[in-house]
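What follows is one structure encoded as structure tokens, with my remarks underneath.
The values are calculated or read from the model by the stated rules, or taken from the named source; none is laboratory data. Values in this document were obtained by computation on a predicted structure and should not be read as measured data. Backbone-built Cβ (ideal geometry, glycine too); neighbour counts: all protein chains shown. Note: accessible area is taken over every heavy atom of the protein model, side chains too, but ligands, DNA and RNA are not part of it. Shrake-Rupley method; radii C 1.70, N 1.55, O 1.52, S 1.80 Å.
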Amino acid sequence: MILRGAVGFRRNVYSKILIILIILIFMFYFFKNLNTNVNNSVANDILLSDKLVDNSEKNKINELELLIRADLAKQEKGLGDNGQGADLTGDAKEKGEKQLATIALNEELSEHISYNRTPPDGRHPACRNKKYDLDNLLTTSVIIIFYNEPYSVLVRTVHSVLNTADSRLLKEIILVDDASTNDELKDKLDYYVKTRLPNKVKILRLRNRLGLIRARLAGARLAKADVLFFLDAHCECMKQWLEPILERIKESRTSVLVPIIDVIEAKNFYYSTNGYTDYQIGGFTWDGHFDWHDIPKSERERQKRECKEKNIDICPSYSPTMAGGLFAISREYFWEIGSYDEQMDGWGGENLEMSFRVWQCGGTLETIPCSRVGHIFRDFHPYSFPDNRDTHGINTLRMAVVWMDEYIDLFYLNRPDLKNHPGMGDVTHRKVLREKLHCKSFKWYMENVYPEKFIPTKKVLAYGRLASLAENLCCDTLQQNADKPYNLGVYACFRPEVTASQLLSLTRNNVLRTERSCATVQHTRDSSQRFVVMVPCIGDDEVSDNWNITNSKQLKHIQTGLCLDSSDLSTKNYVHVTTCNSGVKSQKWEFQHEGS
């Protein structure tokens, strides 16, 4: 009886314990469920509790969240994917066209395209087959400077970097705000970066506008990775754009590298790859501007001798200069080689300064064909520069005084307005840097790095103004676009200094040319009068048109036997060639200088 009672008692206890456990479990799930319901119904109040922020801050964050959600809702799935161009209709189309006219970019269309749109894969097939040891490559800090950049374009640039760069290689993205005044680029951008992007994306805000050069220096001082990769704020990266750059810098720390820069159309965001073998390298004009030119035969021969790749199409190509917007450099080498000239103001000239400095001081500048990045090219700058100064011209003058030696005279021939310019400032510290680094002369650069560059005063029969002896008229380009054929004109002679538009040369190969264009004779049925058409020069005087100066001071086109004439200027102000007549004064011409 006692045993049976004890067993009954224990069963009673176990039953009560079991009941209590069931009740506790029920209560646990009840309150958990209740808490979840509360969270779902008043999420903002929990997330933005008054213990953390006040009501005004809470409302502000709510407003930013709504703005960002509205932006994302506006984006059309698949629009512009694979780099395809896109068009809008109705009011949106009209709005975009107005923006294109005012800021040189269709911002409305950009807002309809996903931040994560896919670019095309325009790489060479040999690039696609390359393998990289990602665990042993260098790391990179991507530095992006922006000033009043359209918000959606900037955010897409950041997403493109994140989407295409392996996390093992990308240490950080540093966004440097050069004192933008656009409200979208302030709290909204901060909130987007904080809530949507990894913490490796950082924003540095400058209190005052410093210009591109000093803003880049500010970003570089924060960077911690092995390699600095500078990008403009309107780029989209192609697959594996980073790996070949980092691999090459690991091989050669004194090589400064640029990707192939593809064109993204500002009007419709079409990403143009232009083929995987058809790319150009950087050059310059004697007035201090960057330009593009084809890879010369001598460089192809060097690649065959030195490049380890089986296909030379994917070998690094030596480039005399770089455009400057997109390039990578070892962080340590960046500071060793002199970073930037901090007294350069705003924008412009810094790309040629760094190009000449790198080459003359022992480094190399190379285009890496397996790395491709798209860039939006605008028809004009949508913003002013500090104090409305000619920062490009003055910066280029600083560059020329330090690095170009006696070749600076060619710069002054094209920019006489900059000679002895009071705004240049002191360049002593840059000259000291050149001495410290034991840099070579500009003559060495011209002979070894850019021997194909045309020099208007060397290896020529005559150069300078080509003046008519009939009246005060000189042959003149009329500032027409040298990238396309145009008719050679005449204009009142500029004296005493020659201007860039009137600077011509007659080479030892009897080619009449400007720096970039060669004179040909227009083919027409009317053989009595033809215009002189200036076409882009290919290589070193590789045109089939030749000219001679006769004893009667006529300029005779050898292939047709016709002479240059300045008469009958009723059709605009274009010169022409016509039947030679030594007695006609409008056919008599004189160059300003004899050649050497």
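Among the residues of the stretch 81-98, write down those that are at negative phi and in a helix (DSSP H, G or I).
81, 91, 92, 93, 94, 95, 96, 97, 98 - these are the residues of the stretch 81-98 that are at negative phi and in a helix (DSSP H, G or I).
Can you tell me which residue within the stretch 75-92, out of those that are without any contact (Cβ under 8 Å) to a residue 12 or more places away in the chain and open to solvent by 60 Å² or more (accessible area, probe 1.4 Å), is farthest from residue 269 (Cα to Cα)?
91
Scan the stretch 490-513 residue by residue and report those that are among the β-branched types (Val, Ile, Thr) and in contact with a strand residue (DSSP E or B) (Cβ under 6 Å, 6 or more places away or on another chain).
Matches in the stretch 490-513: 490, 498, 507, 511.
When you go through 372, 398, 415, 357 one by one, which is the residue that is closer than 23 Å to residue 145 by Cβ and not assigned by the TED database to the domain that holds residue 229?
Among 372, 398, 415, 357, only 398 is closer than 23 Å to residue 145 by Cβ and not assigned by the TED database to the domain that holds residue 229.
Residues in the stretch 367-387: is at least one out of contact with any His (no Cβ under 8 Å at 6 or more places or on another chain), in a loop (DSSP other than H, G, I, E, B) and modelled with pLDDT of 95 or more?
no
Restricting attention to helices (runs of 4 or more DSSP H) lying wholly within the stretch 113-213, give those where 3 or more residues are outside the structural domain of residue 370 (by the TED database).
In the stretch 113-213, the matching helices (runs of 4 or more DSSP H) lie at 125-128.
Just to check your reading of the model, which residue among 470, 482, 492 is closer than 26 Å to residue 320 by Cβ and of a type in the set (A, V, I, L, M)?
When all the criteria are applied, what remains is 482.
Give the residue that is modelled with the highest pLDDT, with candidates limited to residues of the stretch 574-596 that are open to solvent by 70 Å² or more (accessible area, probe 1.4 Å) and within 27 Å of residue 457 (Cβ to Cβ).
In this case the residue turns out to be 590.
Residue-wise test of (1) within 17 Å of residue 162 (Cβ to Cβ); (2) touching a His at 6+ places or on another chain (Cβ under 8 Å); (3) modelled with pLDDT of 95 or more.
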site	(1), (2), (3)
194	yes, no, yes
214	no, no, yes
225	yes, no, yes
228	no, no, yes
233	yes, no, yes
237	yes, no, yes
275	no, no, no
281	no, yes, yes
284	no, no, yes
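Suppose we filter 445, 463 for residues that are closer than 17 Å to residue 594 by Cα and aromatic (Phe, Trp, Tyr); which single one remains?
463
So, in the stretch 115-129, exactly how many residues are open to solvent by less than 20 Å² (accessible area, probe 1.4 Å) and either of a type in the set (Gly, Ala, Ser) or on the phi > 0 side of the Ramachandran plot (or both)?
Total satisfying the criteria: 1.
Pairs only if they're at least six apart or on different chains, beta carbon under 7 angstrom, first in the stretch 488-507 and farther than 17 Å from residue 411 by Cα and among the basic types (Lys, Arg), second surrounded by fewer than 22 Cβ atoms within 10 Å (Cβ to Cβ) and modelled with pLDDT of 90 or more; list them, first residue then second.
As it stands, the answer is none, since no pair meets every condition given.
Okay, residues lined up against (1) basic (Lys, Arg); (2) in contact with a Lys or Arg (Cβ under 9 Å, 6 or more places away or on another chain); (3) open to solvent by 50 Å² or more (accessible area, probe 1.4 Å):
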| site | (1), (2), (3) |
| --- | --- |
| 131 | yes, no, yes |
| 137 | no, yes, no |
| 156 | yes, yes, no |
| 167 | no, yes, yes |
| 170 | no, yes, no |
| 183 | no, no, yes |
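Before we move on, is residue 502 within 29 Å of residue 282 (Cβ to Cβ) and surrounded by fewer than 14 Cβ atoms within 10 Å (Cβ to Cβ)?
no
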